[in-house]
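Here the structure is laid out as structure tokens; the discussion comes afterwards.
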Amino acid sequence: MDKIRSFMAEHRAAALVAVFLLIVFVGGSAMSAVNVANHRAQEAASQEGEQGQPAGGQEGQEQQDGSVSLTDSQSAAIENYDDATRDFISTLSSSVWSANSGRYTLRFENDQYTETVDGETTQHSYAILRLDGGMDDAGNDVATVAVETDTGTHVLTYANSTGNPADGATQVTSTLASSSMFALKDVPYERADAVENITVKGLNSEVTNLVGGSPDELTVELSRWCAVHYPTATEATWNQVVSIDWENGVISTGFTLNGESAVNLTVVYLMDSGAFEFSY
């Protein structure tokens with residue numbers, strides 16, 4: 001022990017340097033160990049996060065464009081469509097289907113449909129699994145359709161009629177209904193071939209001058225809007241009330257659309273651009 005103390009006394013400077021280096025080495029080793037542990041923990045968390053997240057395009061997931069991806073069974077059904085099924089999808093996609101005065105609507109595309117309830121839209125995927133078509137006792141085209149959607153498998157009924165020829169009916173009316181596929185259960189959604197031009201009734205020269213000077217542009221724009229949102233309408237009757245906002249250059253008025261239940265329509269005319277806007 002005395003020899004060690006004597007050696008330390010003779011080599012005090014060297015001993016202090018050695019102790020300092022030892023402290024630095026131990027501290028550096030500890031920090032290195034901590035950094036390695038943190039790095040490994042971050043890698044593990046990242047891997048767990050990647051495993052927990054659904055892969056892009058996973059079945060039933062909404063895509064960036066708003067569409068819902070197809071399941072394997074839906075894709076297989078679509079690949080096996082025959083001509084009759086493709087024709088039926090063309091019929092579905094040819095217009096808007098509506099119920100309850102347009103509060104409920106359906107818009108179909110090739111493998112997607114959009115359902116609107118009081119202005120709120122929901123996107124769904126669909127594929128036809130089976131199509132059984134024929135004619136009913138009245139000679140109307142009918143079909144029973146098995147459909148797989150992102151919410152399950154449903155039965156859809158379709159009917160197409162031209163009305164009673166004795167009444168001079170020429171308008172083709174089609175309906176869709178399902179007990180489970182749509183927001184309204186067992187209620188027909190109707191698609192009618194829209195008339196080319198809605199008949200506008202009741203307009204006078206005063207209001208005509210306010211909305212551009214000619215009723216023709218209003219009739220054209222109103223007909224386009226009804227063809228998409230309320231295709232069963234054939235007449236629009238002016239309610240004889242006008243509201244003018246001179247400061248903002250806006251003229252508001254209203255019409256009543258005919259149909260099984262009358263629909264009150266608000267029409268807004270923008271003075272600066274000459275554009276029309278329509279809303280229920």
Query - Any chance THR208 is touching a residue at least 12 places away in the same chain (Cβ under 8 Å) and either of a type outside the set (D, E, K, R) or in contact with a Leu (Cβ under 9 Å, 6 or more places away or on another chain) (or both) - result: no
Report summary line: Taking the range 199-236 and keeping residues more than 23 Å from ASN160 (Cβ to Cβ), of a type in the set (Val, Ile, Thr) and buried (at least 17 other Cβ atoms within 10 Å of the Cβ) leaves VAL200, VAL207, VAL211
Requested in this report: Could you list, in sequence order, all residues of the range 222-264 that are closer than 16 Å to TYR104 by Cα and more than 26 Å from the chain's Cα centre (by Cα)?
Outcome: GLY259, GLU260, SER261, ALA262
Requested in this report: Name every residue in the range 237-252 that is hydroxyl-bearing (Ser, Thr, Tyr) and surrounded by 15 or more Cβ atoms within 10 Å (Cβ to Cβ), in order of residue number.
Outcome: THR237
Query raised in the report: Given the residues SER69, SER98, which is the only one that is over 30 Å from TRP225 (Cβ atoms) and modelled with pLDDT under 95?
Result: SER69
Query - The listed residue being closer than 25 Å to LEU70 by Cα and either of a type outside the set (Lys, Arg) or surrounded by fewer than 13 Cβ atoms within 10 Å (Cβ to Cβ) (or both), out of SER101, SER174, SER179 - result: SER179
Query raised in the report: TYR126: in contact (Cβ under 8 Å) with a residue 40 or more places away in the chain and among the aromatic types (Phe, Trp, Tyr), yes or no?
Result: yes
Query raised in the report: Looking only at residues in the range 183-219 that are among the charged types (D, E, K, R) and assigned to a loop (DSSP other than H, G, I, E, B), which one is farthest from ALA99 (Cα to Cα)?
Result: GLU196
Query raised in the report: Any idea which residue in the range 224-262 is farthest from PHE278 (Cα to Cα), counting only those that are small (Gly, Ala, Ser) and at pLDDT 90 or above?
Result: GLY249
Report summary line: Output for Cβ contacts, cut-off 9 Å, separation at least six or different chains, first residue part of a loop (DSSP other than H, G, I, E, B) in the range 66-83, second loosely packed, with under 15 Cβ neighbours inside 10 Å and of a type in the set (Asp, Glu), reads SER67/GLU109; SER69/GLU62
Report summary line: Taking the range 253-267 and keeping residues hydrophobic (A, V, I, L, M, F, W, C) and surrounded by fewer than 16 Cβ atoms within 10 Å (Cβ to Cβ) leaves ALA262
Requested in this report: State whether one or more residues within the range 220-236 are over 27 Å from SER98 (Cα atoms) and either small (Gly, Ala, Ser) or not assigned by TED's automatic domain parsing to the domain that holds THR116 (or both).
Outcome: no
Query raised in the report: Can ASP193 be described as of a type in the set (Asp, Glu), surrounded by fewer than 17 Cβ atoms within 10 Å (Cβ to Cβ) and either at pLDDT below 95 or in contact with a Pro (Cβ under 9 Å, 6 or more places away or on another chain) (or both)?
Result: yes
Query raised in the report: Going by the conditions given, is THR208 touching a strand residue (DSSP E or B) at 6+ places or on another chain (Cβ under 9 Å), under 20 Å from LEU265 (Cβ atoms) and at pLDDT below 95?
Result: no
Query raised in the report: Name the pairs whose Cβ atoms lie under 7 Å apart, with the first residue in the range 259-280 and over 17 Å from ASP245 (Cβ atoms), the second modelled with pLDDT under 85 and surrounded by fewer than 16 Cβ atoms within 10 Å (Cβ to Cβ), and 6 or more positions between them or separate chains?
Result: VAL263/TYR280; LEU265/TYR280
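The values are calculated or read from the model by the stated rules, or taken from the named source; none is laboratory data. None of these values were measured; they are calculated from a predicted model. With ideal geometry, Cβ positions are generated from the backbone for all residues, glycine too; neighbour counts draw on all protein chains shown.
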